1. Could you pull out the GluC sites (Glu not before Pro) across the stretch 1-49 that fall in loop regions by DSSP (anything but H, G, I, E, B) with no more than 11 other Cβ atoms inside 10 Å?
2. Check which residues have an amide H placed less than 5 Å from Asp24's amide H, if you skip close sequence neighbours.
3. Using modelled amide H (1.01 Å from N, peptide plane; none on Pro or chain starts), what sits under 5 Å from the amide H of Ser190, excluding residues fewer than 5 places away?
4. For the stretch 162-171, take each phi angle, set θ = phi - 60°, evaluate the Karplus expression 6.51 cos²θ - 1.76 cosθ + 1.60, and give the result in whole Hz per residue in order, putting x for glycine and proline.
5. Given a 1.4 angstrom probe, what's the average accessible area per residue across the stretch 125-237, in square angstrom?
6. What are the trypsin sites (Lys or Arg not before Pro) within the stretch 156-261 that DSSP puts in a loop, where the Cβ has at most 13 other Cβ atoms within 10 Å?
Amino acid sequence: MKPQLELTKDQKEFLKENIDKINDLSELTRKLFGRDDLDGRSREGRAVRAYLAQQELDYSTRHIDKKEDIELSEPQKEFLRNNSAPGVSSVELAKLCFSDNSIKNLSKEFWAVHNFITEEGLDVFTEETGLSVKYSPPKADSKVLKKINDFVGVEISEEKMTVQYKRCIESLRKFLCAPRFLQVIETYTSLEDRDLFEAEFVRATWDKPDLSTDEINLYINVCMDYIQLKRIQSAMNKLNRMFDEAEDQQDLTVRLAELLKTKSEEYNQCEKRMESLISKLQGDRSKRIQNNVEKNASILNLVQLFQEEEERLIMVKMAEMQKKSISNEADQFEKMPEWKARVLGIKKTDVI
């Protein structure tokens, strides 16, 4: 550690002459050394602090004189009860409640508002909470199929299941068990948001069994943006109602107009981000499918279908039925009079 800096005689005189004019330690240090990057925690600041303490000269720092905790008035509490809603942040409400646009996150005003709406349950009062409900991905094909039918609007029955549909169901079941999907869906405390996230994910991926891990993650991002759009729209609707109710309060309407502008910009940015992601996903997948056209030729598809056990059994059964039908026809010919069979020249061994 460097030894403490020793002040010169002139510097000490400067401090004595200016301590009454400049009471802040950081500012006094910057003036003394002519450097704007210094504060009371620097080596120079500690030297100034030590000298002032030695001379018993009073000074202040930005850490002294903490603001006392703020108590909300009854009108402010009533304002928060009437205007709190999901999507409207605590800092935005604090700015409106205290008529101060300079309020920042983690300020005293912010905490006063945040603690009040949390204690009153105002931040979730319009939605059913999912905090105590753990999401369980479907394990059975029948449950995956039900989600597809419910969310997508198709009508796929288990009795008439094709090989392609089976592939889609098997892949979707794996997608819904992906670690990131589970991590994201558990972050939503609203069951409505959780259901919407799952529904949009199923709608986007159920018929794409060839998706890569990176593409699945991008689809998760798109679904997260769907939830964000919903929340921003909800906040904008609330702010618009507040704006209509505050027509005669000019200061409040100005602040509401600024918040609405900010929310509109957030909404537009979210929409553009979604459009970009969707375009990328569609383009990348289209290129991959195009590159695999030769590999997916008709002969190969037939071979792959034959390799599927169920399809192979169906084809074998059809062949047996056809063979049996031919044998029955031959039996009918043998029952014909001998002379007619000789005329036609038909024997059972000829047709089997």
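The values are calculated or read from the model by the stated rules, or taken from the named source; none is laboratory data. Only a predicted model underlies this, so the values are computations on that prediction, with no experimental measurement involved. No Cβ is skipped: glycine too gets one built from the backbone with ideal geometry, and neighbour counts run over all protein chains shown. These area figures cover heavy atoms from the full protein model, side chains too; ligands, DNA and RNA do not enter into them. Shrake-Rupley method; radii C 1.70, N 1.55, O 1.52, S 1.80 Å.
1. On the way: sites: Glu6, Glu13, Glu17, Glu27, Glu44; in loops: Glu6.
For GluC sites (Glu not before Pro) across the stretch 1-49 that sit outside H, G, I, E and B with at most 11 neighbouring Cβ atoms in 10 Å, the list reads Glu6.
2. Correct list: Ser60.
3. Answer set, sorted by chain and number: Gly130.
4. 8, 4, 5, 5, 5, 4, 4, 5, 4, 5
5. On the way: 6020 Å² over 113 residues.
Per residue, the stretch 125-237 has an accessible area of 53 Å².
6. Working: sites: Lys160, Lys166, Arg167, Arg173, Lys174, Arg180, Arg194, Arg203, Lys230, Arg231, Lys238, Arg241, Arg255, Lys261; in loops: Lys160.
Those satisfying the criteria are Lys160.
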